[in-house]
Every structure is written in C-alpha cells, then in structure tokens.
Amino acid sequence: MSEHSANPSSATAASGRPRAVKAVIPAAGLATRFLPATKAVPKELLPVVDRPVLQYIVEEATQAGIGDVLLITGRGKTSMVDHFDRRPDLEERLAKKPELLAAVKRTEELAAIYTCRQPEQLGLGHAVGFAESHVGDAPFAVLLGDEFVKPAEPLLPAMLELQARTGGVVLAFFEVDAAETSRYGIASVEPAEAELSDIGEVVRVTGMVEKPKPEDAPSNLAVLGRYVLPGTIFDAIRRTEPGSGGEIQLTDAMELLRNEGTPVHAIVYRGTRYDTGMPLGYLQTVVQIASERDDLGAEFRKWLAEFVNSDASGGPNT
Ligand code: G1P
C-alpha cells in the first residue's frame, strides 16, 4: 500500500483543490461490549500496550498531515480530552526520566484537540453532523474511534489525495467474509477512472447499504472507519431519516449525495487494520502490536509461542 500513497507534504492535489486539513473523531458511544470496564473509562482510552487506542488514531491523522482534530464526545468521556492536555505536575516529576517525559509530552504536542458534545447517541451520521460549525464547508476526514491501521501501511494520505482530485466522497474498503456483512456498510463498485490509478487500488462506488444481511449484500467490500467528506455531507445528514438500527447512518447520508450526483470513490485497503471495537479484536490488536514492539516484542513473542504450545492454553492441537 505504501508505495501507492500520495505524498502528504503537498497540500494541494493535481486538480488544484486543497486537501482536507481537519479530522473528526466520533467517540460518544457507550461501548456496551466492554462493560463493566467502560462504565467509567471510555473505550477509546483502553490501552494497547502503553498508549490508549485514541492516541493511535490521532497519530494516524497527524502522520497524514492533519493537525486539527475534533473529538465528538459524550457524557462521562471527558478523560479522553484530558489525555491530550498538559500535565505540568507530571512533567516536573519526570524531569530525570527523559524517555517517559518525552512520551507524556508527545500526547500534548500531537495535535490541536477540539471537542464538542453529542448529547444523545442517535447514530454515526448524527454524530458527524455536530462537526459542522468546526469544519464549515471545507472537506474533512472522519476517523472512527475504535479502529486504526498499521503506521507502516498508511491509508489516509492516499484518501486525502483522492478527495482533493475528485471533490467528492472518499471511502476505504476492506474485504470481509460473506457472513460478516451485517456488521458493516457494504458497497457495490465499478472500475474507477484511469487517471486515478496512480493513487492506489481505486474503485468507483455505485451503491452503499448499511449492515445488510449476507443474502442482501451487494459485495464483500466493507466500509473501513476512515472517510474524507465534502462539506455538503452536513446538509445530506439533515435530510437523512433513521435507518439501520433506527439510527441516522452516515452511509445513508453518503448514499443520498451519491444519488444526487456527488462522485463516491474508495481505496481498497490491503494493509493491516486493527479493530478494537469488540473484545476479540481488541485482544488481537494488543497481541499484534506488543509482538512488533522493539522494546518488548522479542520477549513477548517467545512467551506467546511457549504459551500457545502449553497445556495452559489448551495445547497446540486443540
Ligand atoms: C460503522 C459504520 C459502518 C462501517 C463500520 C466500520 O459501523 O456505520 O458503515 O463499516 O463503522 O467499522 P459501527 O461499527 O459503528 O456499527
């Protein structure tokens, strides 16, 4: 994927349109799948080794050149904002521990963090709608708060480039098993215009549906939690009726724009996607990231191999 990625340092695409420079992270959800852990701790702050999930997501945005991040939060989730705030008391105590001090300061210096509240959780589309006064009519990125991609296999730079070229909606897809379509937005596609092929594996979207049953799914291409949207999405959200699960769905608002002539393209992402939205995916993410860490990866992998082969894990053949 990375060889296809556009250069994030150029702010304007070949079309002359500016790239999106702001990101929105909807993070107001209740995270019932992680209760009771998420009764007092937002799921976005669950640690993956020594950084909360949310930090990986903000780092993904900043790595793509986005330094302005709006967190859409909800009741009881203010600690998400605290994570990116300064802690002079802590800094003072860490004066003689430069590595820890740098790790703490990094969270403060990553990006300019803004917040707003979604008072009721009425769906992803509804949450994104709260970003309007912050982003205005410029294009912007949306990063869902419980998934991220491997930093060495970035996705956002190519999406930002694609949106600046088309001016429309830009998505990313990954392939899922047919049985899993009812967990995602699913799209039907056709080949994209030839002049977009230098950006990566780009397709043009011909239809989208939120969480279809396998028998109704138009393909096995699932919407990944990264979007680059034009400012017209806000008006479309206002015109979107509740859909799947009785919620105002972003997928439905994007489909409304597509039906009215807005081009919708997507990059098929074949890199590594970490999904921390459910306990199993969260555990897999922790194990994968821990295994790759320079500081503890070797020791952890050795232990993991021994554990998998031991009676304690049920043995190698079960
Ligand atoms: C959301 C979107 C869905 C997308 C998914 C990706 O669903 O509505 O279209 O495929 O994120 O993770 P959620 O996971 O919030 O139910």
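All of the numbers you see were taken from the coordinates with simple rules; none came from a lab. The structure presented is a predicted model; accordingly, all values stated were derived computationally and were not measured. Because the Cβ atoms are built from the backbone with ideal geometry, glycine has one as well, and the counts that use them run over all protein chains shown.
Where nothing but the Cβ of Lys and Arg (+1) and of Asp and Glu (-1) is charged, how large is the charge dipole of the stretch 113-238 around its Cα centre, in debye to the nearest 20?
360 debye
In the calculated pair distance distribution of the stretch 240-318, what percentage of Cα-Cα distances lie above 15 Å?
When all Cα pairs of the stretch 240-318 are counted, 75 percent exceed 15 Å.
Which whole-number percent is the relative contact order of the chain (Cα, under 8 Å, 6+ apart)?
On the way: 594 pairs, mean separation 69.7, N = 318.
Relative contact order comes out at 22 percent.
At a Förster radius of 30 Å, what calculated FRET efficiency corresponds to the Cβ-Cβ distance of E99 and L304, to the nearest 0.05?
0.75
By its C-alpha gyration tensor, with a ≥ b ≥ c as the square roots of the eigenvalues, how is the stretch 195-275 shaped: rounded for a/c under 1.5, else prolate for a/b larger than b/c, else oblate?
In terms of gyration-tensor shape, oblate.
What are the semi-axes of the equivalent ellipsoid for the stretch 67-114, taken as the square roots of 5 times the Cα gyration tensor eigenvalues, largest first, in whole Å? Walk me through the numbers on the way to the answer.
Details: eigenvalues 112, 31, 9 Å².
Ellipsoid semi-axes (Å, largest first): 24, 12, 7.
Toward the positive end of the charge dipole of the stretch 52-210, about the Cα centre and with charges on Cβ (Lys, Arg +1; Asp, Glu -1), which of V176, V135, G207 goes farthest?
Of the candidates, V135 comes out farthest on the positive side.
Enter the per residue convex hull volume of the chain, computed from alpha-carbon coordinates, in Å³ rounded to the nearest integer.
162 Å³
Have a look at N259, L296, G315 and report the one farthest towards the positive end of the charge dipole of the stretch 231-318, computed about the Cα centre with Cβ charges (Lys/Arg +1, Asp/Glu -1).
N259
Under the rule a/c < 1.5 gives rounded, and otherwise a/b versus b/c splits prolate from oblate, where does the stretch 28-148 land using the Cα gyration tensor?
Details: a/c = 2.03, a/b = 1.37, b/c = 1.48.
Taking the square roots of the gyration eigenvalues as a ≥ b ≥ c, the stretch 28-148 is oblate.
Out of all DSSP beta bridges in the chain, what portion is antiparallel? Express it as a percent rounded to 5.
60 percent
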